[in-house]
1. Among the listed residues Glu404, Glu430, identify the single one that is surrounded by fewer than 16 Cβ atoms within 10 Å (Cβ to Cβ), outside any loop (DSSP other than H, G, I, E, B), in the same structural domain as Asn489 (by TED's automatic domain parsing) and charged (D, E, K, R).
2. Would you call Arg461 assigned by TED's automatic domain parsing to the domain that holds Ile61, assigned to a loop (DSSP other than H, G, I, E, B), over 19 Å from the mean Cα position of the chain (by Cα) and within 25 Å of Glu600 (Cβ to Cβ)?
3. In segment 461-482, how many residues are surrounded by fewer than 21 Cβ atoms within 10 Å (Cβ to Cβ) and either of a type in the set (Gly, Ala, Ser) or at positive phi (or both)?
4. Mind listing whichever residues of segment 300-320 are crowded, with 21+ Cβ neighbours inside 10 Å and either of a type in the set (D, E, K, R) or at pLDDT below 95 (or both)?
5. Looking only at segment 346-367, which residues are out of contact with any helix residue (DSSP H, G or I) (no Cβ under 6 Å at 6 or more places or on another chain) and either farther than 14 Å from Lys272 by Cβ or not assigned by TED's automatic domain parsing to the domain that holds Glu390 (or both)?
6. May I ask you to verify whether Phe119 is at pLDDT 95 or above and in the same structural domain as Asp149 (by TED's automatic domain parsing)?
7. Is it the case, given these coordinates, that Thr545 is touching a residue at least 24 places away in the same chain (Cβ under 8 Å), in contact with a Phe, Trp or Tyr (Cβ under 8 Å, 6 or more places away or on another chain) and polar (S, T, N, Q)?
8. When the residues of segment 616-668 are narrowed to those that are under 18 Å from Ala500 (Cβ atoms) and among the polar types (S, T, N, Q), which ends up farthest from the chain's Cα centre (by Cα)?
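The values are calculated or read from the model by the stated rules, or taken from the named source; none is laboratory data. Values in this document were obtained by computation on a predicted structure and should not be read as measured data. Neighbour counts are summed over all protein chains in view; Cβ atoms, including those assigned to glycine, are modelled from backbone coordinates with ideal geometry.
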Amino acid sequence: MQTRTSFLAFLAVTGFYSCKNQEETKVDDIEAETDRELVVNLEDTGIKIQPTMYGIFFEDINFAADGGLYAEMIKNRSFEFTLPKTGWMEPNSDRHSYNNESGFLSVIKYAEEEANHNFARVEVKNDEGYVLINEGFRGMGVKEGAQYDFSIEAAKRSGNIQKIKLQVIDSLDNVLGETSISPDSDSWKTYESTLTASASEMKAKVKITFEGEGEIDLDMISLFPQDTWKGRKKGLRKDLVQLLDDLNPGFLRFPGGCIVEGRTLARRYQWKKTVGDIADREILVNRWNTEFAHRPTPDYYQSFGLGFFEYFQLSEDMGAEPLPILGCGIACQFNTGELVPMDELDPYVQDALDLIEFANGDADTAWGRVRVDMGHPEPFNMKYIGIGNEQWGPAYIERYKVFEEAIKSKYPEIIIVSGSGPFPEGDYFEYGWEQLKQMNAEIVDEHYYKPPKWFRENADRYDGYDRNGPKVFAGEYAAQTVAIASPDNKNNWNAALSEAAFMTGLERNAEVVHLTSYAPLMAHADGWQWTPDMIWFNNLESFGTPNYQVQKMYSTNPGTDLLKITENGEKIIGKGGLYATVAKDANTNELIIKVVNTSEVGQNLSIIMEGGTTQESVEVLTMAMDDLEAENSFKDPFKISPKKGTASVEGNMLKASIPAQAFNIYKVKL
């Protein structure tokens with residue numbers, strides 16, 4: 001993810017940023033043809049569409065992990081934030097006086113070497129009602145009839161505190177569900193209980209009260225829904241994972257994005273701190289917490305409850321190849337650009353080698369044993385690793401070479417993804433490609449955040465790429481309806497339709513392009529920093545944007561073998577607003593024809609199949625909308641989504657009409 005507010009001035013100077021992109025609402029201001037004859041050649045081109053062609057990019061931006069995919073409902077459950085009472089309120093206490101009548105909370109430090117640094121010490125002075133309230137992540141979503149697991153670590157210090165009661169309450173303090181535990185030990189002990197919600201509430205809070213008097217220490221105060229993805233205890237939010245799984249992803253890139261790099265090296269993502277017991281994972285301030293002046297979120301931290309083990313497990317669940325990205329010893333170059341000296345790079349390289357061992361190693365290896373002890377005896381069979389995110393210049397190339405040599409020496413089978421910098425053209429891009437091509441790099445990651453018009457005009461981007469050079473990973477892309485980093489960008493049909501047109505060029509160049517992913521993946525409606533995003537959610541609901549629906553149409557209809565589709569012997573790249581690509585699916589014995597019409601008029605298509613025979617019936621998927629500014633929403637989540645239809649082949653010809661401003665898929669049995 002390209003770093004944003006910190007380089008808006010840079011973007012303005014280079015022309016990447018403007019208050020408005022001045023693009024007209026019309027997608028194609030031309031008089032479109034209405035009758036078109038297209039020819040599909042059924043002869044095998046020998047070009048395979050990789051199983052990794054359409055995948056998912058995950059980065060913890062927009063509350064995507066804590067408060068999002070990771071289903072924990074308590075914010076700052078271990079009192080680890082820089083301001084350790086963040087998220088917690090003491091409504092019956094005077095924060096400025098320790099002479100209050102009911103009690104008070106203090107934050108105490110463990111030994112400095114502990115990853116879990118802090119715990120809370122509560123003194124309850126009487127039964128008059130000392131209360132703790134946790135506000136959750138912009139509230140907590142609870143559903144009527146659903147069960148929630150409460151857990152807490154506690155140690156009694158003095159007195160006779162006999163019960164800790166947890167209640168879920170609404171904004172009027174109505175109790176929506178409650179449970180309790182009875183602490184009985186002066187040593188640290190984990191207590192668990194369950195409650196059932198009596199009503200649904202978007203902005204619930206947790207209220208904790210104490211029965212008795214005395215002092216008690218508390219840590220890891222937690223509340224999770226039982227109905228998580230695959231029913232895993234303390235797992236992932238089910239509806240969000242379902243949206244991801246429905247994409248049929250070929251890979252899952254993790255953990256970013258600029259999260260990988262950090263603003264400083266000290267605040268980079270360190271995978272070893274995200275495995276093992278969740279209570280021992282050291283929390284880190286999120287690098288997006290105050291990046292944007294328009295959306296400051298100082299309470300944005302990473303608990304790493306969604307860590308590398310959970311990531312590999314999720315990839316396995318979805319049948320997606322894991323594609324982890326690791327830092328290369330350079331902090332975000334749009335922030336500090338802090339460099340690890342070359343003679344101090346070894347620990348960073350070792351982290352990469354150890355990650356491969358964690359994913360793939362046997363139980364008799366050090367890091368393989370960590371994975372086994374976490375409950376996954378079999379290896380995750382990781383095949384890819386990325387080194388660096390959006391780094392550029394000689395500093396990156398110099399460090400990348402060290403990583404490549406070390407990884408290939410020990411694990412020659414691992415495919416390494418390199419990077420071409422943050423922009424799809426310019427000096428950084430050209431230098432990176434030149435150097436990586438000389439090194440015979442395997443896959444180069446390209447990123448582009450551009451206006452919708454750019455996507456339509458660049459559907460031929462990869463037509464001229466060297467077929468014998470490095471393969472391409474289009475690792476981050478999304479049409480920006482206003483400008484890069486603008487909070488006013490929209491997930492509208494204009495953007496999604498333009499991306500659909502561009503993606504015909506990705507598929508048509510499957511010989512070169514092996515992996516692609518939209519970015520960012522998801523955003524909390526009350527906690528976002530960056531727009532546009534593929535999935536939007538609040539504390540109870542989620543929906544896929546038109547961009548999501550476009551991605552899903554491609555990823556669930558990818559095909560296995562690229563074929564040719566032409567008009568008058570030429571590729572179909574925007575003439576009259578029409579874009580097209582075609583593939584055969586060897587698994588289903590189907591022909592999959594993807595056609596995008598960005599013009600303002602419908603077009604009548606005569607699609608001739610040459611070099612083979614087909615069955616008559618045709619399944620049609622159509623996504624169309626006459627309003628280019630239209631968006632999906634919580635109220636109307638499927639406003640722009642594919643509708644099923646049918647057509648037929650007569651002889652060797654499919655006659656079909658594609659509406660104005662539409663994306664159609666025709667599936668023909670061979």
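1. Of Glu404, Glu430, the one residue that is surrounded by fewer than 16 Cβ atoms within 10 Å (Cβ to Cβ), outside any loop (DSSP other than H, G, I, E, B), in the same structural domain as Asn489 (by TED's automatic domain parsing) and charged (D, E, K, R) is Glu430.
2. Yes, satisfied.
3. 2
4. Glu310
5. Matches in segment 346-367: Asp346, Asn360, Asp364.
6. On the way: at pLDDT 95 or above: yes; in the same structural domain as Asp149 (by TED's automatic domain parsing): yes.
Here the answer is yes, as Phe119 does meet what is asked.
7. On the way: touching a residue at least 24 places away in the same chain (Cβ under 8 Å): yes; in contact with a Phe, Trp or Tyr (Cβ under 8 Å, 6 or more places away or on another chain): yes; polar (S, T, N, Q): yes.
For Thr545, the condition - touching a residue at least 24 places away in the same chain (Cβ under 8 Å), in contact with a Phe, Trp or Tyr (Cβ under 8 Å, 6 or more places away or on another chain) and polar (S, T, N, Q) - is met.
8. That would be Ser657.
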